[in-house]
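These notes are about the structure you will find just below.
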Amino acid sequence: MLLEIIYTILSINGDYAYCMSEQGSYTNIALALLPDDIDEGDKVKFSNFSYEKI
């Protein structure tokens, strides 16, 4: 089964983005793992061990 999680970027602080998943859980994701053009309010999809802006 393929794991796919959609996150909304709530804020960016230093080298990390504070995010909320569609299921309501919160996490920090290193900006180095996210697409370069990411900004607050954007949505990203985690799939196949990588993040993609949607």
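Summary of values
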| quantity | calculated |
| --- | --- |
| Simple label model, 7 Å out from Cα along Cβ direction - Asn13 to Asn48, nm | 3.3 nm |
| Relative contact order (%) - criterion: Cα under 8 Å, at least six apart; region: the chain | 38 percent |
| Area accessible to solvent at Glu4, 1.4 Å probe radius, in Å² | 100 Å² |
| Surface share of carbon and sulfur [accessible, 1.4 angstrom probe, percent] for the chain | 50 percent |
| Label assignment, percent of Cα pairs over 17 Å apart derived from the structure, set (i) 24; (ii) 62; (iii) 19 | (i) |
| Where the chain is the region considered: accessible area per residue in Å², 1.4 Å probe | 71 Å² |
| Dipole of the chain [Lys/Arg +1, Asp/Glu -1 at C-beta], most positive-end residue of Ala32, Ile6, Ile54 | Ile6 |
| Nearest-0.05 FRET efficiency for Ala30 and Leu3, computed from C-beta distance (R0 22 Å) | 0.75 |
| Dipole in debye (nearest 20) - the chain, about Cα centre, beta carbon charges: Lys, Arg +1; Asp, Glu -1 | 180 debye |
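The values are calculated or read from the model by the stated rules, or taken from the named source; none is laboratory data. Since the structure is predicted, the reported quantities are computational estimates derived from the model, not experimental observations. When we count neighbours, we look across all protein chains shown, and the Cβ atoms used for this are built from the backbone with ideal geometry, even at glycine. Side chains are part of the model used for accessible areas, which takes the heavy atoms of the whole protein and leaves out ligands, DNA and RNA. Shrake-Rupley method; radii C 1.70, N 1.55, O 1.52, S 1.80 Å.
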